[in-house]
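Notes follow once the structure below has been shown.
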Amino acid sequence: MADVTEKKFVLCKSTDLKEKGSGQRFLVKINNEVRPAFVLRFMGKPRAYLNECAHQTMELDLQKGLFFDRSGQYIICATHGALYSPDKGLCVSGRCDGRSLTPLPVVEAEKNICFVAEDGLEFISLANDLDT
Ligand code: FES
């Protein structure tokens, strides 16, 4: 269960989020609608997005928590192969070329990766444990 500190919610330990490794899935509520989300680490920083392809409302990871393509350079839609830049969420190849994933606010603090709640954006729960 996630710890609550002010408006920050612990998603996982910093050490659990490996560079270009598995992501941590979680759920958020945006404008009263529960949506899937994930955080992963790329270029040393945690990056979080809604777990929905930009061209169709479909989760990106067929195997839960596996978001990177084989090169480790892109987030991939496992269903259709669209590629997204992990740092900006921009689609660089595939059916949603030019569109972007929806970014979410996360910070790394006190050896934890935390979701930061804002107006209209709530943390609901973790969606699964990290795949190892
Ligand atoms: S759902 Fe959009 S490329 Fe797969």
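None of the figures in this text is laboratory data; all of them are computed from the coordinates on show. As the structure is a computational prediction, the values presented were derived from the model and not from experiment. Don't worry about glycine lacking a Cβ; one is built from the backbone with ideal geometry, like all the others, and counts go over all protein chains shown.
With a Förster radius of 25 Å applied to the beta-carbon distance between Ile30 and His80, the computed FRET efficiency rounds to 0.55. For Asp16 and His55, the FRET efficiency from 1/(1 + (r/R0)^6), where r spans their Cβ atoms and R0 equals 35 Å, is about 0.70. Between Ala109 and Asp87, the contour length at 0.36 nm per residue exceeds the Cα-Cα span by 6.0 nm. For the chain, leaving out every one of the GluC sites (Glu not before Pro) that falls in a DSSP loop and has at most 14 other Cβ atoms within 10 Å, the longest unbroken run is 7-109.
Dipole magnitude for the chain: about 300 debye, using +1 per Lys or Arg Cβ and -1 per Asp or Glu Cβ, origin at the Cα centre. The base-10 log of I(q)/I(0) for the chain, evaluated at q = 0.20, 0.21 Å⁻¹, reads -1.14, -1.25 [Debye formula, identical scatterers on Cα atoms, solvent excluded].
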